[in-house]
1. Fewest to most neighbouring Cβ within 10 Å: what's the order for Tyr39, Tyr162, Tyr305?
2. For the range 135-289, what does the relative contact order come out to in percent, with C-alpha contacts under 8 Å and a separation of six or more?
3. Counting just the Cα atoms, what span does the chain cover along each of its three principal axes? Round to the nearest Å and put the largest first.
4. Modelled label-to-label distance, Arg111 and Thr226, 7 Å Cα→beta-carbon offset: nm?
5. Below 19 Å, Cα to Cα, which lysines can Lys359 reach? Residues fewer than 8 away in the same chain don't count.
6. As a check on your grasp of the helix formula, calculate [θ] at 222 nm for the chain: sum -39500 (n - 2.57) over DSSP H runs of n ≥ 4, divide by the residue count, round to the nearest 500.
7. Reachable lysines from Lys83, Cα under 17 Å, same-chain residues fewer than 8 places away excluded?
8. For the pair Ser255 and Glu6, what calculated FRET efficiency results from E = 1/(1 + (r/R0)^6), where r is the Cβ-Cβ distance and R0 = 51 Å, to the nearest 0.05?
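Bear in mind these aren't lab numbers, they're just calculated from the coordinates by the rules spelled out. All figures in this text were calculated on a predicted structure; none of them were measured in a lab. Neighbour counts are summed over all protein chains in view; Cβ atoms, including those assigned to glycine, are modelled from backbone coordinates with ideal geometry.
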Amino acid sequence: MEQRREFVMLFEQESVNRRALCRRFGISPETGYALAHRYRQDGEAGLADRSRRPKRSPDRTGDEMEALVLRVRDAHPSWGGRKIGRRLRDLDHKEVPSASTITEILRRHQRIDPAASAAREQPQRFERAAPNELWQMDFKGHFPLARGRCHPLTVLDDHSRYALGIRACGNETEGTVESELKAIFRRYGLPDGMLMDNGSPWGSANAAHRYTHFELWLLELGVAVTHGRPYHPQTQGKDERFHRTLAAEAIGRRSFADLAACQRRFDAWREVYNTERPHDALGLATPIARYRSSRRPFPETIETYDYGPGAILRRVNDTGWLSFRNHPLKLGRAFIHRQVALRPAVPEGCFDVFFCGHKVATFDLNEAAP
């Protein structure tokens, strides 16, 4: 203001070279004459900064559309401009603004945290080619209830990101997981394979303590089992990302009385996630647009597996050991009373041990018996 005041006072002097004066103050002649004109009209008030906002904005988003944008954002606080725009178009709204315009609306109405926005990174995406080729399953971190704790069990299709189940569990035992998974299998069918973490109840990539009763049950169903690399949660990146979305949009800081209240919230949010929420990794399509139920139905009774001709059959004893040609092999307690098959392997004297078509161990007769 002091510089502007000094400028206009000099500008109004007689015989002043006004263009030279503008150059000395580092402004254009047009700006200089405009300042002088404002000073003559409004005095010192005319020297204050003025908004650059135009008096008319024919392309500005209408108030009704802004209200719609804010309504969707308030219903889904973690959605950004692209998701909101896609959702409005899916609802057949006309003249939906661009994603960048929607983002600007959110900024103007203080719906975006600048620090959180700057911290976002674009992830690399890898996915299976078709639905049900692989499901990812894990427990999200448990949280307290008014009575007890909730352990959310999540199952996600790798290709479509379809949330097949979000179950409010009271614990993380094998029996609980198997019971919840049966209900999911009955509704959607069986996947070709499942990716899980390490440890109970899943099993482990560690060969010394690998198999659990739960894992063998999946193998009996014809579901291949793989485990993430120990201490590398990014192997299950889709489910990990899904957990962050679940925490932000469904759980947050809400208080839940019991598991039933959690399940009601999970069921309502799962429908929104699968059928309404545009997904960045799917080109803003919804997961249901890419998911199809499996053609492999869940069998209520598992038939005895046929190992075919040439298989050497053995039954594991009640301590988890089997014996072959006077050589013992420990398979673990999960195999108690189960039938396995041995087939010759290389080098000579080695045999691969199979359970329902899956290699579970190698028997080396060349090693001295204890």
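1. Lowest to highest Cβ neighbour count: Tyr305, Tyr39, Tyr162.
2. After rounding, I find 25 percent.
3. That gives 119, 44, 39 Å along the principal axes, largest extent first.
4. If labels sit at Arg111 and Thr226, their model points lie 3.9 nm apart.
5. Lys330
6. -10000 deg cm²/dmol
7. Lys94
8. Computed FRET efficiency for Glu6 and Ser255 comes out at 0.25.
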